[in-house]
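Report on the structure given below.
Readers should treat all values here as calculations from the given coordinates under stated rules, not as data from a laboratory. All of these numbers come straight from a predicted model, not from anything done at the bench. Cβ placement follows ideal geometry from the backbone for every residue including glycine, while neighbour counts extend to all protein chains displayed.
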Amino acid sequence: MHRYRFVLFRPLQFLPVLFGISVITFVLVRLIPGDPARMLLGTRATASALERIRAQYGLDEPIWVQYLYFLKNLSAGEMGRSIVFKTDVLKLIATRIEPTLVLVTGSVLLAILIAVPMATIASRQRGRMPDQAVRVVSTLGLGTPPFWLALMLMIVFSVKLDLFPVSGYGRTLSEKATHMVLPCLTIALSLSAVLTRSLRASLIAQITSDQATAARARGLSEGAVFWRHVMPNAIVPTLNLLAVNIGWLIGGTVIVESVFAIPGMGQLLIRGIFSRDYMVVQGVAMCFAVATVLVNFLADILTVAADPRVKL
Amino acid sequence: MIVAAARPLFLRPFPGRVTLFTGLLLVGLMVLAALLAPWLAPYDPVFQDGNARLAAPGAGHLLGTDNFGRDVLSRVIWAARVDLQIAFLGVAFPFVIGTVIGTVAGYFGGVVDAILMRIIDVVLAFPYLVLIIAIIAILGPGLQSFYISLALVGWVSYARLIRSQILILKSADFVLAARSLGYSHSRIMFRHLLPNALVNSIVFAMSDMVLVLLGGASISFLGLGVQPPTAEWGIMVAEGQGFITQAWWMTTFPGIAILILSFGFSLIADGLGEKLGVRE
């Protein structure tokens, strides 16, 4: 079990990163032009009321004291209040997690379903037509703007064929499922391009590896060698790449949620920016950053679990 | 071999040359379209023809018109100027800043390097687009804000990349030779180490252009980048969003333009990578 000792120590290494995340989000919000007290109370507030609010939120203190207040509130699960929604930012975010989580997991699963067969064909027919075709398709996939792809899918599948709803999220489970097909597909098509290229490269490296040759020497068929020896080894770095790309994936959900009007965290972020609801922007940005750190941590654990040689 | 050597240098076969030249061709065509926009575009990109609103693609307007009666083809051509600028400038600033910081940090090492690596960790912890959007929110919408936010966020990848190369190279014999000749640190860093370390960064910069182009178009699509009535592909798609049931051409063609340009950049990156033996 000593291989897993890093699970105990790695979170300690996260502390500087988490500290940095808190500093950046704090600084970002303080850099915003305008008086927060006035923003909270509105333009008709009296001078004494403004003074009271400043004292209450510590806005009259030096900046580093304000940062300590910010940390103290944060440790108590207090991220401030949304001016627009009139609720606690953390509670607001909690109601928005589900659609985003569904979107991310759905598109990751779909992307793997697309990437595995594509990379399999490309690596087993290396250099021939199918390989070239996969290469062109995945290069195109990398360059496709997600907001445009979303609208194209909408035009074809919602407007012309009337198979899926145009936008929104729905209430019941089946409604949600049909609403999420096109958004997930949008992200999956781009993501699968990244995964296919990576998986193809590691499959090719594994096909010519010693252990694959050894398996062939034992008389295993090429198919058995591929699925039992080549694929399991090749898929680990690709799954790791998925974790590295989580930030990119979150960026994709921000755009796709805006296009399809899905009430998730990404849409909340964009709305927060347009309505100058800065506590919301701060909260969502922080949650996204912490999620990214966590996913990378999980990926480390999975990598160690999958490959006994890896020591972290 | 002798036959191959007799050919001009640029025609000699090398791995990835078809990819590279196809990419150069696509990007070259886009650059040409941008430069020749006043002569190529059949109409003024902001001229509103009240009699030809939402006209379908046809003889008068090859790619149709938008809801203001503006010619889509002319706008797509003029937009090439803005989007190429986004891709080039959006990569140039982070490239220069990141390369200088990464070179210095990698060369000297020590505390500065350690602090720098932590800063890079923190910046990379934020989803790229989220951090850029948050910074633009503070600076106010516009292309200028987009470039500033990119410079603030994008340099980390370049710094990390060049730093790792410098770390490998700095123990090489030619560095020792330069040092024993009494050259200054800055001369060794920027005239001896950097030219040898740049290959990976240049290939990465080409693939980064795809990311920056899509990022810039996305930001503009969300209404935080280029502002109307300027023709830009991302904005054009956004303007067409409300008309997808009546006028598919408003959204379709600007998106195809983005796709062609980013495909070109990707091909150049792949071709260069293969030629120079750079692994992703």
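A few notes on this one:
- The largest-to-smallest principal axis extents of the Cα set in the range A:45-119 are 67, 26, 19 Å.
- Applied to the range A:280-292, the Karplus parametrisation 6.51 cos²θ - 1.76 cosθ + 1.60 on θ = phi - 60° returns per-residue 3J(HN,Hα) values of 5, 4, 4, x, 5, 4, 5, 4, 4, 5, 5, 4, 4 Hz, with x for Gly and Pro.
- Solvent-free Debye scattering, log10 I(q)/I(0), computed from the Cα coordinates of the range A:114-160 at q = 0.20 Å⁻¹: -0.72
- Rounded, prolate or oblate (a/c below 1.5 giving rounded, otherwise prolate when a/b exceeds b/c) for the range B:107-153 by Cα gyration tensor: prolate
- Of the residues A:Ser138, B:Ser171, the one with the fewest other Cβ atoms within 10 Å heads the list, and the complete ranking is B:Ser171, A:Ser138.
- Environment charge of B:Ser262, counting only residues whose C-beta is closer than 14 Å and scoring Lys/Arg +1, Asp/Glu -1: -3
- Geometric extent, Cα atoms of chain A - Rg, Dmax (angstrom): 24.1, 87
- Stokes-Einstein diffusion coefficient of the range A:201-279, Kirkwood radius over Cα pairs, 25 °C, 0.890 mPa s, in µm²/s: 155 µm²/s
- Helix axis angle, B:248-276 relative to chain B longest principal axis, alpha carbon, degrees: 20 degrees
- By the count of neighbouring beta-carbon atoms within 10 Å, fewest first, A:Met118, A:Met231, B:Met189, B:Met117 end up ordered B:Met117, A:Met231, B:Met189, A:Met118.
- Cα-based shape type of chain B, given that a ≥ b ≥ c are square roots of the gyration tensor eigenvalues and the cut on a/c is 1.5: oblate
- Computed over chain B: relative contact order in percent, which uses C-alpha pairs under 8 Å that are six or more apart: 28 percent
- ³J(HN,Hα) computed for each position of the range A:76-82 - Karplus, 6.51 cos²θ - 1.76 cosθ + 1.60, integer Hz, glycine/proline x: 8, x, 10, 10, x, 10, 7
- In the frame of its principal axes, the range B:131-280 has Cα extents of 72, 37, 20 Å, reported largest first.
- A:Leu140-A:Phe6 FRET efficiency (beta carbon distance; Förster radius 35 Å; 0.05 resolution): 0.35
- Modelled spin labels at A:Arg228 and B:Asn67, positioned 7 Å past Cα toward Cβ, are 6.2 nm from each other.
- Label zone at B:Tyr183 (point 7 Å along Cα-to-Cβ), backbone N below 20 Å, the range B:86-101: B:99-101
- Pairwise Cα inverse-distance average, inverted: Kirkwood Rh of the range B:183-261 (Å): 15.1 Å
- Rounded to whole Hz, the Karplus (6.51, -1.76, 1.60) HN-Hα couplings of the range A:148-154, x for glycine and proline: 6, 4, 4, 5, 5, 4, 4
- The slack in the chain from A:Leu302 to A:Gln56, taken as 0.36 nm per residue of separation less the alpha-carbon distance, amounts to 84.0 nm.
- Where N is the number of residues in the range B:37-189, Cα Rg divided by 2.2 N^0.38 Å: 1.60
- Kirkwood Rh in Å, taken over the range B:100-210 so that all alpha-carbon pairs contribute: 15.4 Å
- Charge tally for B:Phe243 (other residues, Cβ to Cβ under 12 Å; Lys, Arg +1; Asp, Glu -1): -1.
- Exposure proxy order (Cβ contacts within 10 Å, fewest to most) of B:Ser266, A:Ser167: A:Ser167, B:Ser266
- Distance in nm between pseudo-label sites at A:Ala49 and B:Val46 (7 Å out along the Cβ direction from Cα): 4.2 nm
- Translational diffusion of the protein assembly as shown was estimated from the Stokes-Einstein equation, with Rh taken as the Kirkwood radius over Cα pairs; at 25 °C and 0.890 mPa s the coefficient is 93 µm²/s.
- Amide proton proximity set for A:Phe164, modelled H, under 5 Å, gap of 5+: A:Ser158
- Against chain B, whose longest principal axis is taken from its Cα atoms, helix B:128-139 shows a tilt of about 70°.
- Nearest-0.05 FRET efficiency for A:Lys91 and A:Leu163, computed from C-beta distance (R0 45 Å): 0.80
- Cα shape, the range A:125-221, gyration tensor, a/c 1.5 rule: prolate
- Amide H partners (placed H, <5 Å) of B:Tyr43, local residues excluded: B:Ser74
- Between B:Ser171 and A:Val27, the FRET efficiency from the beta-carbon distance, with R0 = 45 Å, is close to 0.75.
- Cα-based helix-to-principal-axis angle, A:63-75 vs chain A, degrees rounded to 10: 60 degrees
- Projected area, mean over directions - the range A:1-135, Cα convex hull, nm²: 14.9 nm²
- Segment A:Leu113-A:Ser221, extension gain: residue separation times 0.36 nm, minus the distance between their alpha carbons: 36.5 nm
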